[in-house]
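Taking it in order: structure first as structure tokens, then the write-up.
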Amino acid sequence: MTAEFSFAPRTVLPNGLGRTGVIHTPHGDIRTPAFIAVGTKATVKAVLPDSVAELGAQAVLANAYHLFLQPGSDIVDSAGGLGAFMNWPGPTFTDSGGFQVMSLGVGFKKVLAMDAAGLADDDVIADGKSRLAHVDDDGVTFTSHLNGDRHRFTPEVSMRIQHELGADIMFAFDECTTLMNTREYQERSLERTQAWAVRCLAEHGRLTQDRTGKPYQALFGVVQGAQYEDLRRRAAHDLAALEVDGHRFDGFGIGGALEKENLGTIVGWVCSELPVDKPRHLLGISEPDDFFAAIEAGADTFDCVMPSRVARNAAIYTRDGRFNVNTAANRRNFGPLEDGCDCYTCAHYTRAYLHHLFKAKEMLAATLATIHNERFTVRLVDDIRASIEDGRFAEFKAEALGRFYSSER
Ligand SMILES: [Zn+2]
């Protein structure tokens, strides 16, 4: 922690884990819990940065793998860093690129065999697909999904890319495993991720000293360990204790594939091992029940592509569940996407208009639907934060989840 980056917990739930707080960064504060908007390629797809701010997002998360391949992290560096490049004045995050590299740039499900559920296998590949990434103890060699070029990521390369991108919060390079990997593989992978964490901290320290005159960039260690309690606890404990050349992690990410039913349990194991005065980011969740479970177990910030991705397919989140505005029932519905929603879309447009835009394949459909879904998600997490501070978390959880899941339309 430095004067430029810090975390102060505020109100703590009776279970001692869930909490509110404030992350202080060189580009502004983030009140937590908070949902971080995803801008994978230095843009929140279809939405102007002014609208991202207006819908209440406090920070944006971009992806090191994508920006390394296109336009190149050196170009983002020359532009003055991610925030300046994309005209987003607030706090920024970059993830390490590890997940994208190891899921071969196309997502695990498209490459790993779909019928492998329940199997324990370290190399289940779908017919007709080839593995585009190879992991060894030093790093990962992979093939670009854009043009087939071969590249190599190591902890040092990921740190260099993320320093060039210049986000306020960066993540250590880690190996991502799947729930299909064997316990033996998870143990070996965890050793590798911990060794990479040491190298990331060392390189981060070196780059921080070299790059004087730039705002401090915080580095989060990533806790892996799949669904195993002993591995998760050991990983969290070891990362929290790690110090290399006087540098320690400023916060922590909770990574890896998580089964929905165990999400709160696993986050709880990890957070009970982590120091209370450092923030914790859970990668890749956006469903209302997952937010409540993760926040109750001690997670502070979240990111996920789903609210904007499904918006582009006309799927709309409301407090009363999710519906598709493309269906015929909305053709003559002149009400808003969601009654009582305070977003720009709901203030100015009807379901009938959105229905028309999607049917006509107009670009504005994606913009308006994304603004609503992102606002819904940001506001839900904001409301959870308020409920913790007002001492009514349990009541709000029961009310919000009862309403969302009782009437999926
Ligand atoms: Zn709305």
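What follows is calculated from the coordinates using simple rules that are stated; it is not laboratory data. Predicted, not measured: the structure shown is a model, and the values here were computed from it. No Cβ is skipped: glycine too gets one built from the backbone with ideal geometry, and neighbour counts run over all protein chains shown.
Quick notes
- Per residue of the chain, the DSSP helices (runs of n ≥ 4 H) give a summed -39500 (n - 2.57) that works out to -12000 deg cm²/dmol at 222 nm.
- Under the Karplus curve 6.51 cos²θ - 1.76 cosθ + 1.60, θ = phi - 60°, whole-Hz ³J(HN,Hα) for the stretch 315-332, x wherever Gly or Pro sits: 8, 10, 8, 9, 4, 9, x, 9, 9, 10, 6, 6, 6, 4, 4, 9, 4, 10
- For the chain: lysine pairs under 20 Å (alpha-carbon distance), excluding those fewer than 8 apart on one chain: 6
- Counting Lys and Arg as +1 and Asp and Glu as -1 over every other residue whose Cβ lies under 10 Å from the Cβ of His281, the net charge comes to -2.
- Computed FRET value (nearest 0.05) for Leu401 with Lys41, which takes r as the C-beta separation and R₀ as 35 Å: 0.55
- Where both bridge residues fall in the chain, DSSP classifies roughly 50% of the beta bridges as antiparallel.
- Net charge of Cβ neighbours under 12 Å - reference Ser387; Lys, Arg +1; Asp, Glu -1: -4
- Model label sites at Ala352 and Ala202, defined 7 Å from Cα along the beta-carbon direction, differ in position by 6.7 nm.
- Long-range HN-HN contacts of Leu283 with modeled amide H, under 5 Å: Ile254
- Distance between the pseudo-spin-label points of Asp136 and Asp29 (7 Å out from Cα toward the beta carbon): 4.9 nm.
- Spin-label pair Arg312/Thr265, simplified geometry with 7 Å Cα→Cβ offset, distance in nm: 3.6 nm
- If you sort the three axes of the alpha carbon gyration tensor as a ≥ b ≥ c, you get a/c of 1.5 or more for the stretch 303-353 and a/b no higher than b/c, which makes it oblate.
- Separation of alpha-carbon centers, the stretch 19-69 and the stretch 283-340, rounded to whole Å: 18 Å
- Packing rank of 11-24, 392-405, 216-229, 193-206, where each peptide gets the mean count of other beta carbons within 10 Å, highest leading: 216-229, 193-206, 11-24, 392-405
- Taking all Cα pairs closer than 8 Å and separated by 6 or more residues, the relative contact order of the chain comes to 17 percent.
- Sites Asp245 and Asp382, calculated FRET efficiency, Cβ-Cβ separation with R0 41 Å, nearest 0.05: 0.60
- Net charge over other residues, Cβ less than 15 angstrom from the Cβ of Val76 (K, R count +1; D, E count -1): -1
- Computed extension gain for Asp320 through Gln227, at 0.36 nm per residue and net of the alpha carbon distance, reaches 30.3 nm.
- Contour excess over end-to-end distance, with Cα ends at Ser144 and Arg211 and 0.36 nm allotted per residue: 21.3 nm
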